[in-house]
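Step one of this worksheet: look at the structure below.
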Amino acid sequence: MAEIVLEGITKRYPDGALAVQDFNLTIADGEFVILVGPSGCGKSTTLNMIAGLEDITEGTLRIDGQVVNDRAPKDRDIAMVFQSYALYPHMNVRDNMGFALRLAKADKAVINAKVEEAARILDLTQHLDRKPANLSGGQRQRVAMGRAIVRDPKAFLMDEPLSNLDAKLRVQMRTQIAALQRRLGTTTVYVTHDQVEAMTLGDRVVVMRGGVVQQVGTPQELYDEPVNLFVAGFIGSPGMNFLAATLEQGSLRTSLGDLPLEDRVRRRLEGRDVPRDLIVGIRPEDFEDAALVDERHTGHTCSATVDVRESVGSDVYVHFTEEGGPAGTAELAELAADSGRADTGMQGHRIVARLSPATRAAEGSPLDLWLDASRIHVFDPATGINLTHPER
Amino acid sequence: MMSHRNRTLTGWGVVNVLVVLYALFPVWWIVALSFKDPSTLSDGNFVPRKWTWENYHGIFQTSEFTRALINSIGIAVIATTIAVVLGTMAAYAVARLRFPGKRLLIGMSLLIAMFPPISLVSPLFNIERVLGIFDTWVGLIIPYMTFSLPLAIYTLSAFFREIPWDLEKAAKVDGATPWQAFRLVIAPLAAPGVFTTGILVFIFCWNDFLFAISLTSTTAARTVPAAIAFFTGSSQFQQPTGSIAAAAVVITVPIVIFVLLFQRRIVAGLTAGAVKG
């Protein structure tokens with residue numbers, strides 16, 4: 001168990017491509033940190049640099065107080081779980097899990113005891129003598145975990161360990177990994193592109209884009225106070241809705257009507273250089289069916305025609321099309337491409353609202369929507385910065 | 001519908017039988033000859049009238065054949081071992097590493113494979129005489145190794161490319177040195193490829209006639225294919241047909257055993273289950 005410190009870590013490939021740029025992070029002993037971002041954002045490269053599988057171009061990497069930049073992976077005392085699991089196909093489960101200890105020339109009895117202990121924790125005892133080819137996907141995943149935990153390393157590095165499992169198993173394993181990490185108290189760095197995994201697993205989440213860290217914080221911080229458009233759009237499912245807006249006479253003019261500047265928003269915008277054209281971000285749950293809201297005076301009410309109504313039991317998601325053009329920036333285009341929204345070929349700009357199941361919203365009919373104007377976010381379209389973020 | 005399929009099957013069956021007959025007929029002819037009594041050698045029968053082990057007895061009686069058999073086995077095994085070991089390491093480098101001159105290396109090895117061996121025989125003859133390795137085991141092992149290495153590198157690098165990168169990374173993180181990762185993880189997985197290559201190289205060395213006849217002059221290093229050419233009959237006027245046939249059968253048997261022994265290993269998909277599935 002150890003603290004991992006990344007100082008100005010940069011990865012530049014020989015062809016000049018910059019994969020990771022000036023990555024700074026201190027991962028506390030026993031902390032569970034998630035690196036999340038769309039594919040190609042440099043999260044796996046960062047993990048490989050911590051593991052020693054890729055060279056660090058610039059910066060300093062410290063594990064447990066020691067600079068390990070030039071140490072081979074085997075001298076860093078870290079364990080890694082791969083997306084493909086990378087189980088040794090010619091060894092049975094027992095040998096797979098004990099491989100690292102065997103290389104470390106541990107005593108046979110010690111190896112056996114540790115492997116059996118790990119197998120007990122992961123419920124693999126009856127499979128110890130089987131080959132990976134004869135295991136199910138979930139079992140293979142557990143063997144990969146077992147290979148990491150028998151070593152009692154300074155840190156676990158996990159590279160999308162759950163992305164090859166089916167949805168149901170993924171949720172189960174997610175819970176199991178969280179419980180296991182808490183029980184062992186081992187520093188863990190976990191890479192994923194799935195923001196739900198990031199939100200549910202991590203003590204802290206690092207959102208990356210194009211090799212640059214966007215924001216580091218607890219899942220709740222990222223959700224409540226995203227620093228920019230990218231983080232705002234990436235975190236949350238369904239994602240935040242973005243509307244083009246102009247600031248006019250103390251209110252925000254959007255295609256949903258003029259949104260009043262509530263105190264919270266006004267206070268935060270004060271003393272900042274606020275351009276006239278803005279982007280307003282509204283989380284789906286900040287909408288409500290106007291008929292179900294008592295205190296309408298604090299927010300804003302508008303009317304829209306429901307395109308699609310999706311009921312998931314506890315909530316009802318209502319999709320409607322906003323007439324005004326979408327708020328278009330590079331960040332939003334990238335987010336749309338990453339989520340596949342760009343490929344669905346839908347015209348117009350979709351807005352999603354999460355309503356109480358008591359709503360009477362019906363497809364094709366108009367609906368009065370209330371939105372909590374005190375919870376909106378205001379972004380600068382040029383820089384993508386969240387102007388309503390408490391810091392900066 | 002059914003009859004159409006049946007007719008297709010019958011057609012293919014007939015073609016198969018014809019091909020097998022065509023391929024095996026000379027083999028059977030040699031086997032039959034080797035069992036024929038000298039008096040019935042030229043009677044033209046497919047099946048020997050008088051079965052005899054005399055030809056086999058005969059070739060093992062003189063040191064001419066036994067010595068050649070030892071030479072053949074020794075030279076082929078050593079050349080194969082060296083070629084496969086070197087080829088494995090070179091193929092690994094070709095498949096996994098980036099280094100300057102990689103394309104040159106591949107090109108050079110292809111070049112060697114494309115050279116007609118006959119054009120190299122006389123230079124080799126002179127070189128080997130000057131170096132004093134003419135008519136020695138080394139004098140044959142070196143050209144065999146050289147000519148089989150390109151083949152070994154090519155087949156093996158294809159096998160190495162099939163092995164997932166992640167396995168090696170996992171081994172490194174598990175604490176293996178590059179050599180340990182290669183020996184304990186990569187090499188066992190490449191084993192089917194190594195066996196396949198080994199068999200191909202062995203057959204090449206075992207069957208070679210050109211180098212064996214050109215680079216040897218005595219029984220010191222003469223291999224079986226060359227030695228057979230020096231067989232004489234028991235009298236000046238007798239053709240050594242029976243002995244030649246028996247010797248040919250004797251040197252074919254090891255190859256058949258080799259292939260039968262290892263074909264299951266060649267086919268076995270050892271990498272199954274390494275990654276998701």
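Tabulated data
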quantity: Test for A:LEU259: is it farther than 19 Å from A:ALA333 by Cβ, in the same structural domain as A:ASP368 (by TED's automatic domain parsing), in contact (Cβ under 8 Å) with a residue 24 or more places away in the chain and not charged (D, E, K, R); calculated: yes
quantity: Residues of region A:8-17 classified as touching a residue at least 40 places away in the same chain (Cβ under 8 Å) and either open to solvent by less than 50 Å² (accessible area, probe 1.4 Å) or more than 12 Å from A:THR46 (Cα to Cα) (or both), total; calculated: 4
quantity: Top-ranked residue of region A:124-159 - restricted to ones that are under 21 Å from B:ASP174 (Cα atoms), part of a loop (DSSP other than H, G, I, E, B) and within 11 Å of chain B (Cβ to nearest Cβ), ranked as modelled with the lowest pLDDT; calculated: A:ARG151
quantity: Identity of the residue in region B:58-75, within 22 Å of B:PHE211 (Cα to Cα) and surrounded by 17 or more Cβ atoms within 10 Å (Cβ to Cβ), that ends up modelled with the lowest pLDDT; calculated: B:GLU64
quantity: Condition met for B:ASN16 (in a helix (DSSP H, G or I), polar (S, T, N, Q), surrounded by 10 or more Cβ atoms within 10 Å (Cβ to Cβ) and within 30 Å of the chain's Cα centre (by Cα)); calculated: yes
quantity: Hey, A:GLY299 in the same structural domain as A:GLY364 (by TED's automatic domain parsing), over 22 Å from the mean Cα position of the chain (by Cα) and at pLDDT below 85 or not; calculated: yes
quantity: Identity of the residue in region A:92-108, open to solvent by 70 Å² or more (accessible area, probe 1.4 Å) and part of a helix (DSSP H, G or I), that ends up nearest to the other protein chains (Cβ to nearest Cβ); calculated: A:ARG102
quantity: Conditions (1) without any contact (Cβ under 8 Å) to a residue 40 or more places away in the chain; (2) within 25 Å of A:VAL213 (Cβ to Cβ); (3) among the small types (Gly, Ala, Ser); (4) open to solvent by less than 30 Å² (accessible area, probe 1.4 Å); number of the one not met by A:ALA232; calculated: (1)
quantity: Subset of region A:158-199 [touching a Gly at 6+ places or on another chain (Cβ under 7 Å) and either surrounded by fewer than 17 Cβ atoms within 10 Å (Cβ to Cβ) or of a type in the set (D, E, K, R) (or both)]; calculated: A:LEU169, A:GLY185
quantity: Failed item, numbered, when B:ILE78 is tested on (1) closer than 21 Å to B:PHE209 by Cα; (2) open to solvent by 80 Å² or more (accessible area, probe 1.4 Å); calculated: (2)
quantity: Candidates A:ASP64, A:ASP75, filtered to the one that is within 9 Å of chain B (Cβ to nearest Cβ), open to solvent by 10 Å² or more (accessible area, probe 1.4 Å) and modelled with pLDDT under 95; calculated: A:ASP75
quantity: Residue list for region A:333-355, filter: at pLDDT 75 or above and either touching a Lys or Arg at 6+ places or on another chain (Cβ under 6 Å) or open to solvent by less than 70 Å² (accessible area, probe 1.4 Å) (or both); calculated: A:ILE351, A:VAL352, A:ALA353, A:LEU355
quantity: Residues of region A:268-284 satisfying the condition of being under 21 Å from A:LEU335 (Cβ atoms) and not in a loop (DSSP other than H, G, I, E, B); calculated: A:ASP277, A:LEU278, A:ILE279, A:VAL280, A:GLY281, A:ILE282, A:PRO284
quantity: Any chance A:ALA118 is buried (at least 21 other Cβ atoms within 10 Å of the Cβ) and small (Gly, Ala, Ser); calculated: yes
quantity: Region A:1-46, residues that are hydrophobic (A, V, I, L, M, F, W, C) and under 12 Å from A:GLY211 (Cα atoms); calculated: A:ILE9, A:ALA17, A:LEU18, A:ALA19, A:VAL20, A:PHE23, A:LEU35, A:VAL36, A:CYS41
quantity: Every residue from region A:304-324 that is under 15 Å from A:PRO238 (Cβ atoms), in contact with a strand residue (DSSP E or B) (Cβ under 8 Å, 6 or more places away or on another chain) and not in a strand (DSSP E or B); calculated: A:ASP315
quantity: Top-ranked residue in region A:273-296 [being modelled with pLDDT of 85 or more and of a type in the set (D, E, K, R); ranked as most open to solvent (accessible area, probe 1.4 Å)]; calculated: A:ARG276
quantity: Members of region B:209-228 that are more than 12 Å from B:GLY139 (Cβ to Cβ) and under 19 Å from the mean Cα position of the chain (by Cα); calculated: B:PHE209, B:LEU210, B:ILE213, B:VAL224, B:PRO225, B:ALA226, B:ALA227, B:ILE228
quantity: Qualifying position, being within 25 Å of A:ASN228 (Cα to Cα) and modelled with pLDDT of 70 or more, among A:GLY384, A:GLY313; calculated: A:GLY384
quantity: Segments classed as helices (runs of 4 or more DSSP H), wholly inside region B:59-170, with at least 1 members that are over 16 Å from the mean Cα position of the chain (by Cα) and within 14 Å of chain A (Cβ to nearest Cβ); calculated: B:63-96, B:137-162
quantity: Every pair of residues 6+ apart whose Cβ atoms lie under 8 Å, when the first sits in region B:144-163 and is more than 10 Å from B:ALA91 (Cα to Cα) while the second is acidic (Asp, Glu); calculated: B:TYR144/B:ASP208
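The values are calculated or read from the model by the stated rules, or taken from the named source; none is laboratory data. Since the model is a prediction, treat every value here as computed from it, not as a measurement. Heads up, the Cβs are rebuilt from the backbone with ideal geometry, glycines too, and the neighbour counts pull from every protein chain shown. We work out accessible area using only protein heavy atoms, side chains counted, and drop any ligands, DNA or RNA first. Shrake-Rupley method; radii C 1.70, N 1.55, O 1.52, S 1.80 Å.
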